[in-house]
1. Which members of the stretch A:1-18 meet the condition of being within 8 Å of chain B (Cβ to nearest Cβ) and farther than 22 Å from A:LEU295 by Cβ?
2. Filter the stretch B:68-96 down to residues that are within 17 Å of B:PRO54 (Cβ to Cβ) and basic (Lys, Arg) and give me whichever is modelled with the lowest pLDDT.
3. Is one or more of the residues making up the stretch A:133-149 among the aliphatic types (A, V, I, L, M), more than 14 Å from chain B (Cβ to nearest Cβ) and crowded, with 19+ Cβ neighbours inside 10 Å?
4. Considering only residues of the stretch A:168-205 that are away from chain B (no Cβ under 14 Å), more than 22 Å from A:GLY257 (Cα to Cα) and over 22 Å from the mean Cα position of the chain (by Cα), which is surrounded by the most Cβ atoms within 10 Å (Cβ to Cβ)?
5. Out of B:TRP265, B:TRP250, I need the residue that is out of contact with any Ser or Thr (no Cβ under 7 Å at 6 or more places or on another chain), within 11 Å of chain A (Cβ to nearest Cβ) and of a type outside the set (Gly, Ala, Ser). Which one?
6. Would it be correct to say that B:ILE205 is touching a Leu at 6+ places or on another chain (Cβ under 8 Å) and not small (Gly, Ala, Ser)?
7. Here is a check on your reading of the model: is A:LEU115 away from chain B (no Cβ under 11 Å), at pLDDT below 85 and within 30 Å of B:SER283 (Cα to Cα)?
Amino acid sequence: MLQFIIRRTLSMLATFFVVSVIIFLMMHAIPGGPFDGYEMPLPDNIKAKLMAQLGLDKPLWEQYLRYMWGVFHLDFGVPYQSPGETVMGLIAHAWVPSLVLGGLGVLIGAPIGILLGMAAALNRNSWIDYLASGIATLGLTIPVFVISTLLILVFAVWLHWTPASGWGEPRRWILPIMAYAAVPLATYARYARSAMLDTLNKPFVTVLRAKGLSERRIIFQHVLRNSAIPMITIFLPMFVGIATGSIFVEAIFRVPGLGAYFVSSIQKRDYPLEMALMLMISALFCISYLISDILYALLNPRIRLGGKAR
Amino acid sequence: MTDLSAASPALPRPESAKRRSPLYLAWRRFAANRAALGAGIVLVIIILLAIFAPLISRTGPNEQAFLTKSLAFPSSEHWFGIDDLGRDFFTRIIYGARVSLGIGLSAAVFSLVLGLPLGALAGYLGGRFDWAIMRVIELFSVVPPLLAALLLATLTRGGVWAIVLIAGLFGWVNVCLLVRAQVKSFREKEFIMAAQALGASPWHIVWRHLIPNSVSPVIVGFVLAIPLAMMLEASLSFLGIGVQPPTPSWGQMINVGMNFMYFYWHMAVFPVLALAVTILAASLLGDGLRDALDPTLKGR
């Protein structure tokens, strides 16, 4: 088990290293630098001085090493768009709205999705099964910004039930939370359904039925526990996946969170902020996959005791 | 499919067992799936609208023919109303279908061109090549496609072909994994061993035996790549770094419509519905084809 964890960790570190190099190179391949704006053209000598001050004149590999050295000390540099603060400081206050709205979205969406999926698996081919499949397909195929736009149209423009956008009083949180909840709800409705069906078809369930156990005990004590493993392992990656959704949700609902900064950093060619966000999100993905893998191994006795993963 | 190809066609069959072609059986399974059938019909209608757009609409997509009636609500004359720049909105929407579907199809072709040979070789050769391909795929799984696409799109400054390339770059992974799994399961079959014993080269075996046997995962991968690419295009265009105006794109129209939606609902509703219906139809069709062509792939 320990060997498995070490091997997984090393391979994740290697993956992250390659991803960080690729991101770094991509960022530097973007045409146009931070001082190439049209509004206030700078004289060449001042531009060169600024580039030297920020270390942008060094060879690429040296820039990469310096940068990663800083990253390990949680120093992501200074964002070009607001030189008064650090990237870390900006992220520190920007993640709050993203986490509150995204977290609430997952915490509301996931349980509803699980219940829906379970109900669908237990009543196959009934109306609730079709409803669950329909919702799952809708939530997984329709882009978040389409769902968000529809939510504003229906609840804010036509029904006047909620404010359309903004951040502040919790009343404004309702629509973004609903938009965030769509993906977890759909994912879990689909996963819970297929995991439950998988388990229900296993021979041990037939044995339990033959033994005369009540259907309720079979489902709550045996089937549920056995189908929980895949549901637990997708939780973390899905949670990190909220980061991608946040770009659209925050742009549409005018929430000052990480996603909103990501969009503005791309539009303003703000390398340090853009790199920091990309690196953090890929690092979070790496870590969440690693934890999921380990959790999966820990929860599944066949892997835990057999010593062989996947 | 698997069990049918396992039965050697050289053996004489008893007269009573009527032979059904696998394609016919697949069609029966597909037609029984009402959601997929409905989605297919809807998609055909949208494709026809896109192809015959110039015949259906009297004005071009960028013609500001109705400037005096800008932002007019839907009427019998202009089904979807007029947009802020005096263009017939229905015309814009059906020309948008051309862009959306065109990008979806081209990106799917590109995913196939990349994913099919790589997946087949990885599955057949195994070993180091397979290891390398799987590591590359692992890289793609760590970076969320949309974020990477955002960066790439700023790098290339958008445009239709840049988006096709980006969507293909992230679409080949699925095709590759599907083909690899299929080839891997066929590698140990007797007819492959026979071909090897006769001295066939690996390339010949992959090209003549393994790829033809992977037709169903290839079709499934291809069809499922289309809605993903359409979604990517719409998302990038929505953020203003995808298809550039005046080329009509639904994502871009939604972006513009957002600013008008509080007073002119038609500006947001129609592109949103067009995009949602098309993507939904394409994914339902893909799911239906997957279930019909290869029941063993179900739920994957």
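The values are calculated or read from the model by the stated rules, or taken from the named source; none is laboratory data. All values derive from a computational prediction rather than experimental measurement. With ideal geometry, Cβ positions are generated from the backbone for all residues, glycine too; neighbour counts draw on all protein chains shown.
1. A:VAL18
2. B:ARG87
3. There is no residue in the stretch A:133-149 that is among the aliphatic types (A, V, I, L, M), more than 14 Å from chain B (Cβ to nearest Cβ) and crowded, with 19+ Cβ neighbours inside 10 Å.
4. Looking at residues that are away from chain B (no Cβ under 14 Å), more than 22 Å from A:GLY257 (Cα to Cα) and over 22 Å from the mean Cα position of the chain (by Cα), I get A:VAL205.
5. Numbers: B:TRP250 fails: out of contact with any Ser or Thr (no Cβ under 7 Å at 6 or more places or on another chain).
Answer to the selection: B:TRP265.
6. no
7. So A:LEU115 does not fit the description; no.
So that you can scan it fast, the table gives a plain yes or no per residue for (1) under 30 Å from A:TYR188 (Cα atoms); (2) not in a helix (DSSP H, G or I):
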{"site": "A:GLY70", "(1), (2)": "no, no"}
{"site": "A:GLY77", "(1), (2)": "no, yes"}
{"site": "A:ILE91", "(1), (2)": "yes, no"}
{"site": "A:ILE108", "(1), (2)": "yes, no"}
{"site": "A:GLY113", "(1), (2)": "yes, no"}
